[in-house]
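A quick write-up on the structure given underneath.
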Amino acid sequence: MQQEDFKPGARTQMEWGFGGRRRWRDGALLMALFLGGIGAGQFVVSTWLIDSVTSAFVGLLVVGVGKTVAHLIYLGQPKRFYRLFLRPKTSWISRGLIFMVVFVAFGAAYLAPDLGFDWVPWETGSTFSDALLVGAILSASLVMVYDGFVLASCKSITAWNTALMPPLFFTYAVAGGTAMTYLTLIAMGSNIPNEDTLTTIDSVLLISMFALLVIYVLNMKTSTATARESLRRLTTTKVAVAFIGVAIIAGLLVPLSLTLYHEVATTETIASVLLALSSILELAGDLSVRHSILRAGLHAPVFSEGL
């Protein structure tokens, strides 16, 4: 056990995220949470706010393939993967995987007619198709928010055990989905439908995420000694590079500036470049904030802890 594990009588969590005992395999869980959030977010943005079958399909693949592979890498023994589904009454991991399967099923069924599967007995725009879309969006929303419930359910880690986790991760998932939608459409050379509306929503999301992080930091500052030690790691150790440098400055403040400046860009090419750069930075910030929160996680001492 590392010396830093004993600083306020707390113990560093070494199971989730890059830097864990199993290095890259533990990092695969972080990637599973990240890919699930941005993929589900992209599907919702692409089907609800705009109408892009290709972008929605990319989001579905990010969840169905990317998240699944990441979970398999983390588990290390694919034959035992089915066991992760067997504890929905007590495990948010089990619930999240069930949400994922339901989302992929509804999403694939909804997109099927537009992907060339003409033999399915429904058409896009029909009542049944609309019902599939509602099911896909609802289950995608559960995929986006469940990461926060996974962390909030860890009672021994005070930096995670807060009601702020679900809204924080949900907001990041929607913003990441918006960024993925932008990048997909730009890569396709397509026009972005409802671009002004999406840009406004993205700006609101960036401001909301910054506000939630400020509240999160202030909450830890006035919480237990273990939470304050987690805050110290977030702000004064090498984790601060990812949290302050990448997640906050590069992932929130710079994209907000680029998003606002993109609206007054002199040419369409410059506007697309600024939008793409902003989207890439947002995704980097999304991954970094998840990484930072995981790395700052400390198990509280077994004995009663004072403030």
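Quick look at the values:
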| read-out | value |
| --- | --- |
| Extreme residue, surrounded by the fewest Cβ atoms within 10 Å (Cβ to Cβ), among residues of segment 216-251 that are part of a helix (DSSP H, G or I) and over 24 Å from the mean Cα position of the chain (by Cα) | Thr236 |
| Residue among Ala163, Ala173 that is of a type outside the set (S, T, N, Q), part of a loop (DSSP other than H, G, I, E, B) and out of contact with any Pro (no Cβ under 8 Å at 6 or more places or on another chain) | Ala163 |
| Breaking point among (1) touching a residue at least 12 places away in the same chain (Cβ under 8 Å); (2) within 18 Å of the chain's Cα centre (by Cα); (3) part of a helix (DSSP H, G or I), for Leu138 | (1) |
| Matching entry among Ile248, Ile192, Ile215, Ile157 (being at pLDDT below 90, closer than 21 Å to Glu282 by Cβ and touching a Leu at 6+ places or on another chain (Cβ under 7 Å)) | Ile192 |
| Criterion violated by Ile192 - all others in (1) in contact with a helix residue (DSSP H, G or I) (Cβ under 7 Å, 6 or more places away or on another chain); (2) closer than 30 Å to Val273 by Cα; (3) in a helix (DSSP H, G or I) satisfied | (3) |
| Any hit, segment 153-170, residues being buried (at least 24 other Cβ atoms within 10 Å of the Cβ) and under 11 Å from the mean Cα position of the chain (by Cα) | yes |
| In segment 109-135, residue nearest to the chain's Cα centre (by Cα) [restricted to those that are in contact (Cβ under 8 Å) with a residue 60 or more places away in the chain and farther than 30 Å from Met165 by Cα] | Tyr110 |
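The values are calculated or read from the model by the stated rules, or taken from the named source; none is laboratory data. Computed from a predicted structure; not experimentally measured. A quick note on method: Cβ atoms are made from the backbone with ideal geometry, for glycine too, and the neighbour counts reach across all protein chains shown.
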